[in-house]
Amino acid sequence: MPRPTKCDPERGDARSRLLEAARDLIRARGYTATTVSDLCKAAGVTSGAFFHNFASKEALGEAAAAYWTETTGALFRDAPYHSHADPLERILGYIAFRRSLIDGEPAAFSCLAGTMTQEIYATHPVIREACASSIFAHAATLEADISAAMQVRGIDAEWTPASLARHMQAVLQGAFILAKASGDRAMALESIDHLERYVALVFGTPGPGNDGA
């Protein structure tokens, strides 16, 4: 995922720098613990610049979720797993790509939308809805490949491509929580490995650890 960065006061406009600061600080500290002052300091802007761009901290949170969608969307659109001819290989490649991003501290690989949702789902509905839009929109990008893989393998099931795509996101978000709770990224990697095996089994293809060896 987009890594935490030190905001360069000379790079980009104030709004962009504030959104980058929100992306990094909220993943590291949480929404409530991140103050407007913290954001301004990290972005190298004044509080006047903050309120010129955002009516409130909540408005910044909503915009940060949209910015997360935009920037991670570009990351995944350009990812190598799209080059596979077999749709199932694209799905498994997506999982492998997600695994490759689990590096460093949780703030470096966890999801901003998921992090904010866990904290503010009952108190800031505007931010919650923006985060939901981000998470479900990303899940939807997997549906075409899942549908194609079902057709290629003649799978007629009660579950839908959309439901499997959402389940994959649930596993990933849970993996981030386990890494945070344990302080060990290996917990997240373990969950993603299980997800890879599960998807392979669903499509009748032996995955790592599924061949009985």
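The values are calculated or read from the model by the stated rules, or taken from the named source; none is laboratory data. Predicted model only: the values in this text are computed from it and were never measured. We place every Cβ from the backbone using ideal geometry, glycine too, and count neighbours over all the protein chains shown. Each accessible area value is taken on the protein alone, full model and side chains, heavy atoms only, with ligands, DNA and RNA left out. Shrake-Rupley method; radii C 1.70, N 1.55, O 1.52, S 1.80 Å.
Quick notes on this structure:
- The stretch 74-97 residues that are within 19 Å of L195 (Cα to Cα) and of a type in the set (V, I, T), paired with ones that are at pLDDT 95 or above and part of a helix (DSSP H, G or I) (beta carbon under 7 Å, 6 or more apart): I91/D145; I91/I146; I91/A149; I91/V199; I95/I192; I95/L195; I95/E196; I95/V199
- The condition of being hydrophobic (A, V, I, L, M, F, W, C), open to solvent by less than 30 Å² (accessible area, probe 1.4 Å) and farther than 22 Å from R128 by Cβ holds for only one of F76, F51, that being F76.
- Verdict on T69 being of a type outside the set (A, V, I, L, M, F, W, C), buried (at least 21 other Cβ atoms within 10 Å of the Cβ), part of a helix (DSSP H, G or I) and in contact (Cβ under 8 Å) with a residue 12 or more places away in the chain: no
- Any hit, the stretch 181-199, residues being within 30 Å of E58 (Cβ to Cβ), open to solvent by 80 Å² or more (accessible area, probe 1.4 Å) and of a type in the set (A, V, I, L, M): yes
- For the residues I102, I146, I120, the requirement of being among the aliphatic types (A, V, I, L, M), in contact (Cβ under 8 Å) with a residue 12 or more places away in the chain and over 24 Å from H82 (Cα atoms) singles out I120.
- Any hit, the stretch 84-91, residues being more than 23 Å from R153 (Cα to Cα), charged (D, E, K, R) and out of contact with any Gly (no Cβ under 6 Å at 6 or more places or on another chain): no
- Restricting attention to the stretch 96-113, the residues being under 14 Å from K180 (Cβ atoms) and touching a Leu at 6+ places or on another chain (Cβ under 8 Å) number 3.
- From A149, A157, residue being of a type in the set (G, A, S), modelled with pLDDT under 95 and over 18 Å from A22 (Cβ atoms): A157
- Within the stretch 44-60, residues that are within 13 Å of D13 (Cβ to Cβ) reach partners that are assigned to a helix (DSSP H, G or I) and open to solvent by 60 Å² or more (accessible area, probe 1.4 Å) with beta carbons closer than 6 Å, at six or more positions or on different chains, in the pairs N53/R15.
- From A55, A64, A42, A85, residue being at pLDDT 95 or above, under 17 Å from R17 (Cα atoms) and outside any helix (DSSP H, G or I): A55
- Those residues of the stretch 150-169 which are open to solvent by 60 Å² or more (accessible area, probe 1.4 Å) and free of Cβ contacts under 8 Å to residues at least 24 places away in the same chain, in sequence order: Q151, G154, D156, E158, W159, T160, H167
- Considering A132, A108, A122, the condition of being surrounded by 17 or more Cβ atoms within 10 Å (Cβ to Cβ), over 22 Å from V199 (Cα atoms) and out of contact with any strand residue (DSSP E or B) (no Cβ under 8 Å at 6 or more places or on another chain) is satisfied by A108 alone.
- In the set (1) out of contact with any Phe, Trp or Tyr (no Cβ under 7 Å at 6 or more places or on another chain); (2) over 23 Å from Y198 (Cβ atoms); (3) at pLDDT 95 or above; (4) not aliphatic (A, V, I, L, M), the condition left unmet by E143 is number (2).
- The set of residues in the stretch 96-105 that are in a helix (DSSP H, G or I) and buried (at least 21 other Cβ atoms within 10 Å of the Cβ) contains only R98.
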